[in-house]
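Undergrad: I have a structure I would like to understand better, so I am pasting it below and will then ask my questions one at a time.
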Amino acid sequence: MKDLISAVFSIFRYAGRFLTLIRNTVFNVFFLLLIIICIATFFTTSKTPTLPDKSILILSLTGDIVEEKQPISSIGQLLDEMGNEPAEDTEILLQDILNIIDQATTDKRIVAILLDMDKMASAGIDQLQVIGQALRRFKTSGKQVIAAEDYYSQKQYYLASYANTVIINPNGGVDLHGFGAYSLYFKEALDKLKINYHVFRVGTFKSAIEPIIRDSMSPEARQQAETWLTSLWDSYTADIIKERSLSREKIDAYTHTPVELLTESGGDIAKLALNAGLVDKIWTRARIQEYLGSLAGTSSDRDYTHISSKEYLKMMGSPLVAEHASQNAIGILVAQGNILPGEQPAGVIGGDSLAALIREARKDASIKALVLRINSGGGSAFASEIIRQELLEFKKSGKPLVVSMGTVAASGGYWIAADADEIWAAPTTLTGSIGIFGAIPTFEDSLAGLGVHSDGTGTTPMAAGLNLSQPLSPQLKDSIQLSVEFGYRQFLAIVGKGRNIDNERLADIAEGRVFDGKTAQRIGLVDKLGNLQDAIQAAARLAKVSNDFRPSSIQKPRSVKEQLLEELTSKSRILTPSTGNAQAFLVGLFRQFSSSLDRLPLFSDPHGVYAHSLLPDSL
């Protein structure tokens with residue numbers, strides 16, 4: 001028996017040694033790969049790109065178009081790339097796109113822009129409109145814009161409509177189907193998991209909480225969604241009608257009676273787009289190459305001289321500053337993403353981190369005014385108020401504050417905007433959503449289903465506090481509801497005072513209602529319609545430095561670690577091959593699920609109170 005026990009222990013001992021050996025080997029190999037990447041990073045030299053005459057600029061719009069990039073998840077991205085996942089950029093700065101186009105407009109070596117939109121992801125209509133305006137300026141210089149895709153989505157086609165020539169593959173198509181707002185609803189799933197979500201809200205139209213309490217869209221939410229969706233679609237179609245010299249009847253026929261039109265074209269989707277006037281040419285890729293070669297010079301690798309937008313941006317470098325640059329700066333601060341308490345990275349609005357940058361702008365004597373660029377559907381009411389308090393301190397310094405709204409600036413995004421001296425929005429901006437809600441989940445039934453129970457005693461009825469393993473006490477429920485109602489009254493007071501709107505009129509535009517930019521201007525929530533550049537000019541005017549100022553971006557400095565990891569990640573793309581994309585359906589479904597979860601209130605506010613809207617940042 002003793003020998004048997006000894007043998008068993010020997011087996012486990014040797015098995016443990018074997019597993020330790022495997023573990024150490026894996027970690028050593030991984031560490032060795034990191035060393036190789038580091039060496040490659042610091043010893044790989046990149047040649048300065050050259051630009052011959054008669055070159056075509058390939059404007060690659062890869063990933064999400066954003067106004068502030070999120071920090072790279074370097075280790076995760078490295079692992080993905082080592083696993084042969086696609087090593088594509090996930091975000092591209094809107095300002096970089098505009099700088100590239102504007103520089104190319106005056107660059108005599110550039111004869112045309114070729115739009116490369118195959119991997120373009122999310123983008124707001126206001127962002128597409130600004131890019132379209134830059135392309136129009138490029139065309140007025142006598143140069144060509146060419147769109148040549150196999151297939152056009154709605155976002156891609158919007159930009160393609162600004163091209164001199166729109167080309168499609170014989171087996172391609174143009175997908176125009178209208179705008180929709182569809183969310184995932186979790187009530188049944190929460191019921192099955194026995195999670196009790198306690199909801200407290202003010203506002204008939206405050207729909208951000210609906211995915212938790214319903215399995216479908218409410219009539220009120222449907223009514224207001226139909227209103228702003230129609231407004232945005234009208235704006236979208238008006239632009240492509242203007243650029244393509246089409247009639248509204250043709251667009252309506254394309255989107256409402258596709259079967260009849262497709263029957264006329266014999267089932268040929270590309271011919272359908274040509275007949276509708278959406279495209280100019282149906283060409284193969286080889287024919288496209290010949291056409292591009294006729295516009296530009298010739299090169300061995302692609303049959304025409306060209307430069308990528310990434311290479312062109314490197315060649316441009318940082319925007320040149322005049323030798324005697326103005327000492328009067330207009331600060332530009334980007335507030336993009338959900339609003340959360342504390343310090344947050346770029347791409348998320350942190351109450352403390354954004355307040356610190358506002359404070360920095362207030363103390364900087366060279367900054368004469370501040371433009372706050374908001375692209376946010378809101379979030380934590382507490383964090384929103386921390387930011388607003390710092391903005392009020394900024395205004396006390398006597399410096400003007402101008403807000404420029406992007407794709408969406410609603411709920412908490414409007415909370416931080418209301419006190420601005422001027423609010424600018426795009427006609428397609430979604431704003432308003434003045435409402436408050438609270439949402440706290442408890443898991444007592446979920447735990448009980450697993451045989452886990454919580455019990456105890458305390459000195460007061462509130463002694464359990466916010467114990468998620470216990471039901472909310474009646475006193476706590478009533479306290480939260482009163483807090484939510486107070487928050488709503490506070491929100492109304494902020495908007496009423498900041499926008500000089502009386503209570504009677506405010507009652508008609510509050511309760512969570514959402515408005516497009518044009519409507520928001522008409523009812524007083526927005527002062528003027530325009531883009532970021534218009535807001536910067538307005539800030540300079542208010543600061544009385546219109547004839548002598550320079551824009552100055554205010555950003556949180558990146559740490560040495562962040563810079564190093566970003567450099568490692570960008571260099572690693574040279575070393576890691578790609579073997580294809582994941583299935584589009586699964587990727588799309590995962591993105592929709594992640595986006596829906598991202599909009600849910602998940603313990604971010606210290607009081608469980610939110611000024612948040614369920615609005616898309618891309619259509």
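The values are calculated or read from the model by the stated rules, or taken from the named source; none is laboratory data. Keep in mind that this is a model prediction, so the values were computed, not measured. With ideal geometry, Cβ positions are generated from the backbone for all residues, glycine too; neighbour counts draw on all protein chains shown.
Undergrad: Any idea which of Leu176, Leu159 is part of a helix (DSSP H, G or I), under 27 Å from the mean Cα position of the chain (by Cα), closer than 26 Å to Asp234 by Cα and aliphatic (A, V, I, L, M)?
TA: It is Leu159.
Undergrad: Tally up the residues in region 328-354 that are part of a loop (DSSP other than H, G, I, E, B) and modelled with pLDDT of 95 or more, please. Quick ask: steps written out before the conclusion?
TA: Just the residues of region 328-354 that are part of a loop (DSSP other than H, G, I, E, B), to begin with: 328, 337-338, 341-348.
Restricting the remaining residues to those that are modelled with pLDDT of 95 or more gives none.
Of the residues in region 328-354, 0 are part of a loop (DSSP other than H, G, I, E, B) and modelled with pLDDT of 95 or more.
Undergrad: I would also like to ask the following. Taking only region 355-376 into account, find how many residues are under 17 Å from Leu542 (Cβ atoms), under 25 Å from the mean Cα position of the chain (by Cα) and not in a helix (DSSP H, G or I).
TA: 4
Undergrad: Please state which of the following conditions Ala270 fails to meet, knowing it meets all the rest: (1) within 30 Å of Leu430 (Cβ to Cβ); (2) at pLDDT 95 or above.
TA: Exception for Ala270: condition (1).
Undergrad: So is Asp215 within 31 Å of the chain's Cα centre (by Cα) and either in a helix (DSSP H, G or I) or of a type in the set (A, V, I, L, M, F, W, C) (or both) or not?
TA: Values: within 31 Å of the chain's Cα centre (by Cα): yes; either in a helix (DSSP H, G or I) or of a type in the set (A, V, I, L, M, F, W, C) (or both): no.
Spelling it out, it is not the case that Asp215 is within 31 Å of the chain's Cα centre (by Cα) and either in a helix (DSSP H, G or I) or of a type in the set (A, V, I, L, M, F, W, C) (or both).
Undergrad: So is Ile480 modelled with pLDDT under 90, among the β-branched types (Val, Ile, Thr) and surrounded by 14 or more Cβ atoms within 10 Å (Cβ to Cβ) or not?
TA: Details: modelled with pLDDT under 90: yes; among the β-branched types (Val, Ile, Thr): yes; surrounded by 14 or more Cβ atoms within 10 Å (Cβ to Cβ): yes.
Judged against the criteria, Ile480 is a match.
Undergrad: Of the residues that sit in region 531-553 and are touching a helix residue (DSSP H, G or I) at 6+ places or on another chain (Cβ under 8 Å) and assigned to a loop (DSSP other than H, G, I, E, B), which one is nearest to Leu128 (Cα to Cα)?
TA: Filtering region 531-553 for residues that are touching a helix residue (DSSP H, G or I) at 6+ places or on another chain (Cβ under 8 Å) and assigned to a loop (DSSP other than H, G, I, E, B), the one nearest to Leu128 (Cα to Cα) comes out as Asn531.
Undergrad: Can you confirm whether Ala381 is crowded, with 22+ Cβ neighbours inside 10 Å and of a type in the set (A, V, I, L, M, F, W, C)? Give the steps one after another, and end with the answer.
TA: On the way: crowded, with 22+ Cβ neighbours inside 10 Å: yes; of a type in the set (A, V, I, L, M, F, W, C): yes.
In short, yes.
Undergrad: Same structure, new question: For region 238-256, what are the residues that are of a type in the set (A, V, I, L, M) and part of a helix (DSSP H, G or I)? Walk me through it before giving the result.
TA: Pass one, region 238-256, residues of a type in the set (A, V, I, L, M): 238, 240-241, 246, 251, 253.
Correct list: Ala238, Ile240, Ile241, Ile251, Ala253.
Undergrad: Please state which of the following conditions Ala439 fails to meet, knowing it meets all the rest: (1) surrounded by fewer than 20 Cβ atoms within 10 Å (Cβ to Cβ); (2) at pLDDT below 90; (3) not aromatic (Phe, Trp, Tyr).
TA: Here Ala439 clears every test but (1).
Undergrad: Within region 274-291, is even one residue touching a residue at least 12 places away in the same chain (Cβ under 8 Å), part of a helix (DSSP H, G or I) and more than 19 Å from Ile113 (Cα to Cα)?
TA: yes
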